[in-house]
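Visitor: Below is one structure. I have some questions about it.
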Amino acid sequence: MMKCVYAEKLNGKYRLFNFTGEQISDSGKGFDALMMSRLDFDIKILKIPPAHDEDMHNLLKYKIRGLYPGTPEDTVFDYRIVTQKKASYAILFITTKSVLDEYKKTANNRPMFLPYTLVHPLINNYIEKNCVITFWHSSWAEILFFNRGLLRSSVVFKTEKDNMTENVHKFKSFIPEERADHIHLVFICSEQNINIFTPQFKGLFPNKSTYEFLSLPERLNLVTRKADFLFTGRKKNKFLPQRLRLGLLILALLVLSGLTLLKFVTFKEKYNNILKGHLITLEEKYSQSVSIKNETESLKKTLISLEDKIPLDMYQVLSRLSQVLDSDVNIVYFSIDKGRFQLEGVGPNTLVLMQKFSANPDFSDTRLLQIVPVEGSNKEKFRITGIAQIK
């Protein structure tokens, strides 16, 4: 819990008070956070396009120059970004440089805030309602109009210390008649004022409106060092300068590209090792297959050589030969070597005999080498060669 005080200007200088109205020492000691007077600030709500914080600050600065064209160099602001239904809005807290410098001097390096800092944590409780939250101070009051969690507008007015009737009249004048129905009114004020305000405000609007009174001391007790203080410089420094962001982005892309390349090279190296392994295996199998092929060819040649050396079955040769030769053919001479035979004989119609050899599959390449007629007969002496294909 932080001890909070507020500042009011007396005789041209800001003086410090605790929230019971008691003035405290101006030494800058004895408090943790300073609430500034809402009378010294203007609050605007602008719809904005998406942008980085550095660009957003320049965009809002340009828009504020249109709102306050007279002395833009003397205008200072802080802002908060809120979203609703995919739209973005900037809540601007605007004052003059001289006023802000005085507050900073009074705060003596302590955090500063406005009523919005105390109201903002409550918004989620009324997200489904049209809500009007009023922060009631001793000399002024701020009315914040919310529509489903989004701050739509904010007004401030001075209050009369001993004239509650006038204060109620001023408050009611800021609530349009068309918004007075079906609204939820929340008042943040001192414990003493809760007892005073309850009868004053509960009958102010139609019965369809609802009311809620919150204790200001209780809200102040919830303020911690993590609170959303204003003009702390956090927003401005939240993002790096655009040129540095661009450089870091390029560096990140280079690192990412390097890591991707390294991963690709590692994968490529691993893949190459796998391929080398497969290649070695294939080479071994190829070597084995070549060896087997050579061995097979050698065996084939050996087989052919052995087959050539197998002697013909002479019985089969003579048996097949008798099927070709007629009974009136006499064999004079017959020899055979490695299947090639030579036959000499005497018989009629040697040409018919040659036709029989050609038609018989057991003999091939038969040739008639000699044919001589035998005198005094119808026979001829012949000599024939050929190949016997009988195993």
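The values are calculated or read from the model by the stated rules, or taken from the named source; none is laboratory data. Bear in mind the structure is a predicted one, so any value in this text is a computation, not a measurement. Neighbour counts are summed over all protein chains in view; Cβ atoms, including those assigned to glycine, are modelled from backbone coordinates with ideal geometry.
Visitor: Considering each residue of segment 106-131, count those that are touching a His at 6+ places or on another chain (Cβ under 7 Å) and crowded, with 20+ Cβ neighbours inside 10 Å, and give that number.
Guide: 1
Visitor: Oh, and also: Checking the conditions here, which among 122, 92, 39, 118 is in a strand (DSSP E or B), closer than 25 Å to residue 186 by Cβ and not small (Gly, Ala, Ser)? Spell out the reasoning first.
Guide: Details: 122 fails: in a strand (DSSP E or B); 39 fails: in a strand (DSSP E or B); 118 fails: in a strand (DSSP E or B).
None of the other options fit; the residue is 92.
Visitor: Of the numbered conditions (1) closer than 18 Å to residue 386 by Cβ; (2) assigned to a helix (DSSP H, G or I), residue 296 satisfies every one except a single condition; which is it?
Guide: The failed condition is (1).
Visitor: Return a yes/no flag: does segment 44-66 have any residue that is more than 44 Å from the chain's Cα centre (by Cα) and more than 22 Å from residue 155 (Cβ to Cβ). Step through it out loud before you land on a result.
Guide: In the first step, residues of segment 44-66 are kept if they are more than 44 Å from the chain's Cα centre (by Cα); the result is none.
Looking through segment 44-66, none of the residues is more than 44 Å from the chain's Cα centre (by Cα) and more than 22 Å from residue 155 (Cβ to Cβ).
Visitor: Moving on to the next point. Can you say whether residue 94 is surrounded by 12 or more Cβ atoms within 10 Å (Cβ to Cβ), under 18 Å from residue 141 (Cα atoms) and either touching a strand residue (DSSP E or B) at 6+ places or on another chain (Cβ under 7 Å) or not assigned by TED's automatic domain parsing to the domain that holds residue 109 (or both), as far as the supplied structure shows? Lay out the reasoning, then the answer.
Guide: Details: surrounded by 12 or more Cβ atoms within 10 Å (Cβ to Cβ): yes; under 18 Å from residue 141 (Cα atoms): yes; either touching a strand residue (DSSP E or B) at 6+ places or on another chain (Cβ under 7 Å) or not assigned by TED's automatic domain parsing to the domain that holds residue 109 (or both): yes.
Here the answer is yes, as residue 94 does meet what is asked.
Visitor: In addition: Would you pick out the residues in segment 359-377 that are surrounded by fewer than 12 Cβ atoms within 10 Å (Cβ to Cβ) and hydroxyl-bearing (Ser, Thr, Tyr)?
Guide: 377
Visitor: Could you list all residues from segment 202-223 that are more than 46 Å from the chain's Cα centre (by Cα), without any contact (Cβ under 8 Å) to a residue 24 or more places away in the chain and surrounded by fewer than 14 Cβ atoms within 10 Å (Cβ to Cβ)?
Guide: 203, 207
Visitor: Another one. When you scan segment 122-134, do you find a residue that is under 21 Å from residue 92 (Cβ atoms), β-branched (Val, Ile, Thr) and under 40 Å from the mean Cα position of the chain (by Cα), even just one? I'd like the intermediate steps shown before the answer.
Guide: Of segment 122-134, the ones under 21 Å from residue 92 (Cβ atoms) are 122-123, 131-134.
Next, only the ones that are β-branched (Val, Ile, Thr) stay: 123, 132-134.
Checking the rest, the ones that are also under 40 Å from the mean Cα position of the chain (by Cα) come to 123.
Yes: segment 122-134 contains one or more residues that are under 21 Å from residue 92 (Cβ atoms), β-branched (Val, Ile, Thr) and under 40 Å from the mean Cα position of the chain (by Cα).
Visitor: Output the residues belonging to segment 1-52 that are under 30 Å from residue 244 (Cα atoms) and without any contact (Cβ under 8 Å) to a residue 24 or more places away in the chain. Spell out the reasoning first.
Guide: First pass over segment 1-52, keeping only residues under 30 Å from residue 244 (Cα atoms): 46-52.
Within segment 1-52, just 51 meets the criteria.
Visitor: For segment 139-185, enumerate the residues that are out of contact with any Ser or Thr (no Cβ under 7 Å at 6 or more places or on another chain), part of a strand (DSSP E or B) and under 24 Å from residue 5 (Cα atoms).
Guide: Correct list: 154, 155, 156, 157.
Visitor: Moving on. Which condition number does residue 159 fail, the rest of (1) closer than 28 Å to residue 81 by Cα; (2) without any contact (Cβ under 8 Å) to a residue 60 or more places away in the chain; (3) crowded, with 16+ Cβ neighbours inside 10 Å being met?
Guide: Of the numbered conditions (1) closer than 28 Å to residue 81 by Cα; (2) without any contact (Cβ under 8 Å) to a residue 60 or more places away in the chain; (3) crowded, with 16+ Cβ neighbours inside 10 Å, the odd one out for residue 159 is (1).
Results for (1) assigned to a loop (DSSP other than H, G, I, E, B); (2) charged (D, E, K, R); (3) at pLDDT below 90, shown as yes or no for each residue.
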position: 225; (1), (2), (3): yes, yes, yes
position: 232; (1), (2), (3): yes, no, yes
position: 236; (1), (2), (3): no, yes, yes
position: 240; (1), (2), (3): yes, no, yes
position: 244; (1), (2), (3): no, no, yes
position: 260; (1), (2), (3): no, no, yes
position: 268; (1), (2), (3): no, yes, yes
position: 272; (1), (2), (3): no, no, yes
position: 281; (1), (2), (3): no, no, no
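Visitor: So in segment 300-323, with the set limited to residues that are closer than 17 Å to residue 335 by Cβ and outside any helix (DSSP H, G or I), which one is modelled with the highest pLDDT?
Guide: Top of the filtered list is 313.
Visitor: Further question on the same structure: Within segment 1-46, work out how many residues are over 19 Å from residue 109 (Cβ atoms) and not aromatic (Phe, Trp, Tyr).
Guide: So in segment 1-46, the residues over 19 Å from residue 109 (Cβ atoms) come out as 1, 8-12, 17-23, 37-46.
Imposing the further condition that a residue be not aromatic (Phe, Trp, Tyr) reduces the set to 1, 8-12, 18, 20-23, 37-40, 42-46.
Within segment 1-46, residues that are over 19 Å from residue 109 (Cβ atoms) and not aromatic (Phe, Trp, Tyr) number 20.
Visitor: Working only within segment 335-350, note down all residues that are in a strand (DSSP E or B) and surrounded by 14 or more Cβ atoms within 10 Å (Cβ to Cβ).
Guide: Just the residues of segment 335-350 that are in a strand (DSSP E or B), to begin with: 335-337, 340-347.
Listed by number, the residues that qualify are 336, 341, 342, 343, 344, 345, 346, 347.
Each row is one residue, and each column tells you yes or no for (1) at pLDDT 85 or above; (2) surrounded by fewer than 18 Cβ atoms within 10 Å (Cβ to Cβ); (3) not assigned by TED's automatic domain parsing to the domain that holds residue 246.
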{"site": "29", "(1), (2), (3)": "no, yes, yes"}
{"site": "38", "(1), (2), (3)": "yes, no, yes"}
{"site": "46", "(1), (2), (3)": "yes, yes, yes"}
{"site": "59", "(1), (2), (3)": "yes, yes, yes"}
{"site": "63", "(1), (2), (3)": "yes, yes, yes"}
{"site": "72", "(1), (2), (3)": "no, yes, yes"}
{"site": "75", "(1), (2), (3)": "yes, no, yes"}
{"site": "79", "(1), (2), (3)": "yes, no, yes"}
{"site": "86", "(1), (2), (3)": "no, yes, yes"}
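Visitor: Residues in segment 273-286: is at least one exposed (fewer than 11 other Cβ atoms within 10 Å of the Cβ), of a type in the set (Gly, Ala, Ser) and under 60 Å from the mean Cα position of the chain (by Cα)?
Guide: yes
Yes/no matrix, rows are residues, columns are (1) under 30 Å from residue 84 (Cβ atoms); (2) touching a strand residue (DSSP E or B) at 6+ places or on another chain (Cβ under 6 Å):
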{"site": "14", "(1), (2)": "no, yes"}
{"site": "33", "(1), (2)": "yes, yes"}
{"site": "36", "(1), (2)": "yes, yes"}
{"site": "40", "(1), (2)": "yes, yes"}
{"site": "45", "(1), (2)": "yes, yes"}
{"site": "69", "(1), (2)": "yes, no"}
